[in-house]
Structure formats: structure tokens, C-alpha cells
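Each remark here refers to the structure printed beneath this line.
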Amino acid sequence: MYQNIPFELQGVPHWVVWRYEEVNGRMTKVPYSVKGFHASVTNPKSWSTFYEALDVVGNYNGLGFVLTKNDPYAFIDLDHTEAEDEIAKQREIWAQFGDTYSELSPSGKGLHIIARAHIPQGRKRSWLEMYSDNRFMTMTGNVYNKQPIVDCQSRFTNIYNQIGEREIVLDFTETDEQHYSDEDVLERMFNAVNGEKAQDLYNGDYQGYYKSQSEADLALVNIIGFYSRNRVQIKRLFRQSG
């Protein structure tokens, strides 16, 4: 089925393989390089071509495609749910994307919608996830809607805004390497577009942004996690903050 994956994605050398492994007490899809070492969404040297990944996928549970700021792709993951109200919301979302490619998730119970779009950061609810960078998406080729990948920027932006301002904690694993010093991470944070907010939160001045300190803590962890995928470094920087 992997040959059903759109040719334009096949031509981008952002491919990894993945395997189900237990991480922090739960089963997680862990990305690997075709050479057998852990892959990272921030390390292009751990990615490969589609056909290189296809050659070794039999030793793993599936293929994955790494989303970055330098490619035009984004995806929505509609997770399996039994709640009728959530199913209704998923159907409303799906109805907006009949013109772009979608496929079933590895379990066969979820749906991945893939389009050209960008969002400021990943967002997650119990029944929906959406990402456009710093993430790998599993790819099955189990086609649900056989369409080309098209521009859906306005629709992604609308859904991103509709599901709220609460930021999410991304999935960090112990295998992610530390690529920058603590000082470099903080410098990049504070010099970014939202650098003033990052610096205020890091200093403990959250009242102008959030109603509770717990919300501010979650936001700060996410900001740090955007610049470092290393769990130990994220914890260290958070504990050093105000």
C-alpha cells in the first residue's frame, strides 16, 4: 500500500521508519533512521529517501514523514473516539477537506488529512491533532480519499483558531539528543517573534497571559520544547525559570 502515498511526498527525503515501543509507561511510535539508530525530527541526517525507508520497513511497524518549516505540508489527525459529539465534530472537519489527500491511520480507526498549510505550533485535543513542523507523521498508503495534496491554508488556520488557545505538550522521548546549549536555547527563545512572552513566562511574569500558573507552566514547557527536543534539557530549563 505504501506505493499509494502521493508521489510528491515520495520525492521529499524526509522519511523515517518507526516502531511501537514502551516509553514512560505507554506504547509510543518511536522513529528510527534506516541505518537502525533513533531518528530525530530536528536531525536531517537521520532521515532518508522514500525508497531507502521502503527497503527496511519490513523490520519495523511503518513509515513516517518528517514535517519541517522548510516544507509546505501539514496534517490533521482525527483520532478514533466513541463520543458522539466528538464524532460529529470530526465529520464537520472532514467535510471541509474533500479536495485533498487523506488516508487511514496505522490502526485503521483514525484518519490523516494531508494538505499544504502552516500553523504556528502543534495543537491537540483528545480527538484531534494538527501539526506542520517539528513532528513526524505516520504514513500508511491506506487511502481514504484519493486526491492530490492541495493548499488548505485558510481551513487549517480556521480550525487552529477554533480549537482554542491552550498550548499542548508535545511528545518528548529520552532518545532525543541535545543539539544546543542551555544558553543557545534561551537566546533563540527570547529573540523569536514571541520572545517577549517567552521571557516574561521564564521570569515568572505570567499574569498578563494566563489566568493560572499551571496554564503558564504548560505554555513555557511547550515554548522550551519547540527549541529543544531533549527531555532532560527541557526539565532543567523549566526548573531554572521563575
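Data overview
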| quantity | calculated |
| --- | --- |
| Qualifying position, being open to solvent by 20 Å² or more (accessible area, probe 1.4 Å), at pLDDT 90 or above, farther than 25 Å from T42 by Cα and part of a helix (DSSP H, G or I), among S214, S154 | S154 |
| Pair list, Cβ under 6 Å, 6 or more apart: segment 161-189 residue modelled with pLDDT of 85 or more and of a type in the set (V, I, T), other residue surrounded by 12 or more Cβ atoms within 10 Å (Cβ to Cβ) and not in a helix (DSSP H, G or I) | V185/S228 |
| From the options S33, S48, S126, S102, residue that is over 22 Å from N142 (Cα atoms), buried (at least 20 other Cβ atoms within 10 Å of the Cβ) and not β-branched (V, I, T) | S33 |
| Within segment 1-76, strands (runs of 3 or more DSSP E) holding 1 or more residues that are hydroxyl-bearing (S, T, Y) | 15-23, 26-32 |
| Cβ-Cβ under 9 Å pairs, at least 6 apart or on other chains, segment 1-14 side at pLDDT below 95 and open to solvent by 70 Å² or more (accessible area, probe 1.4 Å), far side among the polar types (S, T, N, Q) and outside any helix (DSSP H, G or I) | M1/T140; M1/N142 |
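Yes or no, residue by residue, for (1) within 14 Å of the chain's Cα centre (by Cα); (2) crowded, with 22+ Cβ neighbours inside 10 Å; (3) of a type in the set (S, T, Y):
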{"residue": "V23", "(1), (2), (3)": "no, no, no"}
{"residue": "M27", "(1), (2), (3)": "no, no, no"}
{"residue": "H38", "(1), (2), (3)": "no, no, no"}
{"residue": "N43", "(1), (2), (3)": "no, no, no"}
{"residue": "K69", "(1), (2), (3)": "yes, no, no"}
{"residue": "A74", "(1), (2), (3)": "yes, yes, no"}
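The values are calculated or read from the model by the stated rules, or taken from the named source; none is laboratory data. Only a predicted model underlies this, so the values are computations on that prediction, with no experimental measurement involved. Every residue, glycine among them, receives a Cβ derived from its backbone with ideal geometry; neighbour counts consider all protein chains shown. Ligands, DNA and RNA are stripped out before the accessible areas are found, and what is left, the full protein with its side chains, is counted by its heavy atoms. Shrake-Rupley method; radii C 1.70, N 1.55, O 1.52, S 1.80 Å.
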